[in-house]
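Data block below; observations after.
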């Protein structure tokens with residue numbers, strides 16, 4: 001496998017991750033196709049360790065919204081043997097569910113943010129997999145979801 005192919009494979013992990021968030025294709029097969037068994041996912045508001053329950057973790061977070069759209073920049077990938085690092089920018093747009101709560105009457109229907117994604121990947125017997133995915137929010141606009 002060429003270095004450029006490995007770079008494309010690692011960058012493609014983030015592309016597939018984000019597209020599937022928006023397509024609601026989150027199950028254990030999705031998680032195993034993208035992450036290592038010991039993967040860590042870190043968001044500003046929560047963290048999950050290990051592949052067990054990773055799909056459910058994402059599905060629960062996304063259930064707060066009627067729709068989402070995640071758009072990423074090209075990833076900068078650095079490969080060192082069987083390990084790689086990845087950095088990219090993403091803009092995440094979240095559309096709120098309609099609300100019948102009077103306190104939500106003036107709520108912006110959109111919650112959006114821009115984040116810096118940092119990730120680590122390892123080459124496994126099944127190909128490249130993310131071992132760490134971390135998002136650091138740079139900006140936020142709109143109304144975040146109401147806490148339950």
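Each value in this text was obtained by applying a stated rule to the coordinates, not by laboratory testing. Values in this document were obtained by computation on a predicted structure and should not be read as measured data. With ideal geometry, Cβ positions are generated from the backbone for all residues, glycine too; neighbour counts draw on all protein chains shown.
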Please give the Cα centre distance for the stretch 117-139 versus the stretch 15-82, rounded to the nearest Å.
9 Å
List the relative contact order of the stretch 3-142 as a percent without decimals, with contacts defined as Cα pairs under 8 Å and 6+ residues apart.
26 percent
Options (i) 1.00; (ii) 1.11; (iii) 0.95 are given for Cα Rg over 2.2 N^0.38 Å, and the computed one is (ii)
When only C-alpha pairs under 8 Å and at least 6 residues apart count, what is the relative contact order of the stretch 107-148, in percent?
50 percent
Can you pull the one-decimal nm distance between simple spin-label points at residue 125 and residue 76, each 7 Å off the Cα toward Cβ?
3.6 nm
At 222 nm, what value in deg cm²/dmol follows for the chain if DSSP H runs of at least 4 each add -39500 (n - 2.57) and the sum is divided by all its residues, to the nearest 500?
-8000 deg cm²/dmol
